[in-house]
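Colleague: Attaching a single structure in structure tokens format; questions to follow.
The values are calculated or read from the model by the stated rules, or taken from the named source; none is laboratory data. Computed from a prediction, not measured in an experiment: that's the story for all the values here. In this analysis, Cβ positions are derived from the backbone assuming ideal geometry, glycine residues included, and neighbour counts consider all displayed protein chains.
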Amino acid sequence: MWRTKLSRLCLLSTLTVLGACSTFSGGSNVGQVLSRGGNTAELSSIDRTMIEDLAGIVSQIYDPLNTTLQTSANNTDPSLQYFMSLFGDNGFGIQRVSADQGANFVTYTRKAGANSDVTFSVDVGSVSVARDYLVVKRKMVEPISMFKLSGTRAPVTVTDLASNRKRLGDPDLSQAQYVASLGLDEQAPVISLITPELVQKIAARRINGPTLQALNSSKIEVNNLFYGDNSTFSSVLDDYEKVHKQVIVFGNDSMVLGKNNKSLIDQFVESRLQQGDIVSLIGCSNGPTSLEIGNEGLALGRANRVTQALLSRGVAREKVLDEGCWAPVNAGDRFPNRGVVLELWRRNA
């Protein structure tokens with residue numbers, strides 16, 4: 001029952017045609033955002049082969065007929081266009097957005113090594129799929145690693161087939177390896193759902209007090225719990241009882257987890273979480289802040305940060321419910337000033 005209620009909450013609005021944007025890494029140009037125009041006809045055969053490989057795995061992790069992927073409306077990078085065309089052919093819904101918005105926003109990375117090797121990866125929300133390849137001829141590649149999957153534990157089947165574009169070497173590489181997500185110690189982006197336009201609206205409304213609602217990491221509109229205990233997910237948790245609570249504390253004006261908090265999350269997942277449990281998160285920012293995104297951006301950004309850490313440790317996305325509490329003043333004993341309240345819910349016996 002709760003799964004049905006949650007899926008209704010997660011419905012996305014207008015679906016439109018394909019767009020494209022990506023973060024491209026090639027040689028020393030790591031993190032360069034492509035702004036050039038182009039189309040998939042410009043792609044080399046080896047890039048098409050690698051993209052088809054990765055897209056095939058992504059299409060096993062998600063249910064295409066019930067999943068919408070987001071892509072930027074402002075870029076026409078050929079590689080990402082090809083990714084999105086393959087996803088569309090496989091049945092995924094495609095939504096164009098103005099920034100890196102949405103639970104399933106798609107980016108890719110292509111990093112060329114010094115010995116004709118290439119690491120190609122695609123990120124869909126918190127899930128990453130990567131593989132290393134050797135360019136053996138101008139039009140042929142050979143996989144030289146397993147598929148590396150992070151942010152998911154979904155089972156996948158790897159079927160490598162030799163062709164005039166793909167040479168096969170070690171058969172033991174035709175499988176998936178599940179790894180922890182990388183980069184969690186880095187400063188997170190401001191917040192994926194906060195666009196410049198939204199920041200301006202928040203700043204304008206701040207004159208009359210903090211906002212009462214906002215979008216969480218799954219684009220669900222959630223209440224500002226500073227003004228009451230009316231959780232957006234109360235009906236989802238009707239048949240559950242709270243069995244554990246702890247607080248993840250962040251630095252002032254920060255969304256960085258740090259080693260101690262990562263260790264706390266590890267312990268939470270490994271020693272407390274059981275099959276069927278639900279985790280609720282309340283990201284908090286109460287008190288003065290010097291950041292342009294304000295308390296709302298900090299609160300939801302912190303909740304999103306902990307959500308991504310849980311997903312990278314194998315917790316299913318539908319098992320994590322994130323919302324926030326934000327205000328320019330102290331919340332007293334009800335909520336921490338700069339942290340995330342982590343609660344574990346278990347179905348009633």
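Colleague: Quickly run through the range 221-276 and pick out the residues that are in contact with an Asp or Glu (Cβ under 9 Å, 6 or more places away or on another chain), basic (Lys, Arg) and not in a strand (DSSP E or B).
Modeller: Listed by number, the residues that qualify are LYS259, LYS262.
Colleague: Of the numbered conditions (1) closer than 25 Å to GLN213 by Cβ; (2) at pLDDT below 90, LEU257 satisfies every one except a single condition; which is it?
Modeller: (1)
Colleague: Output the residues belonging to the range 144-163 that are in contact with a Phe, Trp or Tyr (Cβ under 9 Å, 6 or more places away or on another chain) and free of Cβ contacts under 8 Å to residues at least 60 places away in the same chain.
Modeller: ILE144, SER145, LYS148
Colleague: Please indicate, with yes or no, whether at least one residue in the range 193-211 is at pLDDT 85 or above and hydrophobic (A, V, I, L, M, F, W, C).
Modeller: No.
Each row is one residue, and each column tells you yes or no for (1) in a strand (DSSP E or B); (2) in contact (Cβ under 8 Å) with a residue 24 or more places away in the chain; (3) of a type outside the set (Ser, Thr, Tyr); (4) touching a helix residue (DSSP H, G or I) at 6+ places or on another chain (Cβ under 8 Å).
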residue	(1), (2), (3), (4)
ASP47	no, yes, yes, yes
MET50	no, yes, yes, no
ASP53	no, yes, yes, no
SER59	no, yes, no, yes
LEU65	no, yes, yes, no
LEU69	yes, yes, yes, yes
LEU80	no, yes, yes, no
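Colleague: Here is a further query. With the checklist (1) of a type outside the set (Val, Ile, Thr); (2) surrounded by fewer than 20 Cβ atoms within 10 Å (Cβ to Cβ); (3) at negative phi in hand, flag the one item SER116 doesn't pass.
Modeller: (3)
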